[in-house]
Amino acid sequence: MRAHLQRTREFLFSPRAWKARAVFWIGAGVVGATAVAFAEASERAHLLLKKLVAFSPYAPLLVAPAGFVAVAWITRRWFRGAEGSGIPQSIVALESGRTDVRDALLSLRVAAGKMALTLVGLLCGASIGREGPTVHIGAAIMYSLGRFAHFPAHVLDRGLILAGGSAGIAAAFNTPLAGIVFAIEEMSRSFEERNSGTMLTAVLLAGFTALAIQGYYSYFGRTEAFIPPLQAWLPVVACGVLGGLLGGLFSTGIIWGGRALRPLMSRWPLWVAAGCGLLVGLMGLASGGVTYGTGYEEARGLVTGAAGAAPEFAFLKLGATLASYWSGIPGGIFAPSLATGAGFGALLVPWFDAPAGAIVVLGMVGYFAGVVQTPITAFVIVMEMTLGTQLTLPLMATAFIGSGTSKLVCPTPIYRALARNFRPDRVLVPAGGRTTGEGRRP
């Protein structure tokens, strides 16, 4: 009893404990504010690119290769560990017991480089997203502040990294439930009671900070579409099976395509980046410019019914995202995959006697679940981003079918496969150091 009272007094009145709480609360708020700033800067970068395309649709054929080369060189020279999505790095840091690995992957220097270089990539027309990088940045902020506050080892071990990553997703998409589910389903693959309060508090504080700055909004607007239960099973199966297969093929392309390019990346990384940039420019030219950037506007137009999409949009967007990732520049696949899924759903609309918006959303969740193979995260994030609560059960069923189907062509989940490329021997290299493949994709 006396020991319990002593622990309670320390919890309530210890200056060290309150210092740790203050740093944690401030950190969660900083993650939310950073996510909002990142989103605003991403939008401005895309608007600048649209002006360039309006001036000359051929300009990206020069800007994209040159920009990809510059970003790839800067990343390899000064920000090793900032490549790609950022979610694989967060997973490695979460699961590694080595402080030096975490310090290398979750430094504030890497986080700052991640943000800046992702913005440059978007300005150059790369088909990348900011959500994966926001997870990386959030984890880096929380981890770095935790070390400053001298948090207990068990909190630094997993809690702060999980909290930062989940807060990043929640603030980036305005999807608090998805942030929590993503941290449990993808990053930790388990739910630990001692970290649950840390993670939930971070999500709430980051989410409130984001809402205070930019107000309430739904990422993809609102869909009022509804499918009666007796009519839903066929679209659910079709979107789940076909979307899952397409998403699995995309993930396989990311993993195995990167492995095939590894010898070239070792010898001529900048030439590979230039070639990938040229491919992105060509696909943007073929699509009329709609494959550049995150794909947010195209997906939102399809979900709300405000705009349509050409039949080839989904496949060109898929190809542009593959090329962007293979190039070695920082940038995520969340938003481009959602846009590809929306375009895929639009292709299926004529097949069914059902509201177009509903089929688009089901196609989005089927494809996205096939890419990430985390079905709960997939249907929660799409439901929150579209306010499609009336489609909860069809979304859930489609996500589980899509995830299961994807495993037929991509047995290893994409982020787990990509995490293997951030082994200690590949990330513990001095800035500007030379090795034969550190921190690269497969």
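Residues in the stretch 118-133 that are crowded, with 24+ Cβ neighbours inside 10 Å, modelled with pLDDT of 90 or more and either in contact with a Ser or Thr (Cβ under 9 Å, 6 or more places away or on another chain) or assigned to a helix (DSSP H, G or I) (or both): 118, 121, 122, 125, 126, 127, 128, 129, 133.
When 59, 33 are checked against the criterion of being under 22 Å from residue 274 (Cβ atoms) and assigned by TED's automatic domain parsing to the domain that holds residue 209, 59 stands alone in meeting it. From 398, 374, grab the single residue that is farther than 26 Å from residue 230 by Cα, surrounded by 21 or more Cβ atoms within 10 Å (Cβ to Cβ) and not hydrophobic (A, V, I, L, M, F, W, C). On inspection, the qualifying residue turns out to be 374.
Are any of the residues in the stretch 49-67 without any contact (Cβ under 8 Å) to a residue 24 or more places away in the chain, of a type outside the set (A, V, I, L, M) and not in a helix (DSSP H, G or I)? So far as the stretch 49-67 goes, yes, one or more of its residues are without any contact (Cβ under 8 Å) to a residue 24 or more places away in the chain, of a type outside the set (A, V, I, L, M) and not in a helix (DSSP H, G or I). Is it true that residue 137 is at pLDDT 85 or above, under 30 Å from residue 324 (Cα atoms), hydrophobic (A, V, I, L, M, F, W, C) and assigned by TED's automatic domain parsing to the domain that holds residue 94? For residue 137, the condition - at pLDDT 85 or above, under 30 Å from residue 324 (Cα atoms), hydrophobic (A, V, I, L, M, F, W, C) and assigned by TED's automatic domain parsing to the domain that holds residue 94 - is met.
Conditions (1) crowded, with 19+ Cβ neighbours inside 10 Å; (2) among the hydrophobic types (A, V, I, L, M, F, W, C), marked per residue:
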{"position": "44", "(1), (2)": "no, no"}
{"position": "71", "(1), (2)": "yes, yes"}
{"position": "82", "(1), (2)": "yes, yes"}
{"position": "85", "(1), (2)": "yes, no"}
{"position": "89", "(1), (2)": "yes, no"}
{"position": "94", "(1), (2)": "yes, yes"}
{"position": "98", "(1), (2)": "no, no"}
{"position": "102", "(1), (2)": "yes, no"}
{"position": "107", "(1), (2)": "no, no"}
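Only one entry in 329, 401 is of a type outside the set (Lys, Arg) and farther than 25 Å from residue 86 by Cα, namely 401. In the stretch 294-317, the residue that is nearest to the chain's Cα centre (by Cα) out of those that are over 15 Å from residue 225 (Cα atoms) and part of a loop (DSSP other than H, G, I, E, B) is 294.
The values are calculated or read from the model by the stated rules, or taken from the named source; none is laboratory data. Note that the coordinates shown come from a computational prediction; the quantities given were computed from them, not determined experimentally. We place every Cβ from the backbone using ideal geometry, glycine too, and count neighbours over all the protein chains shown.
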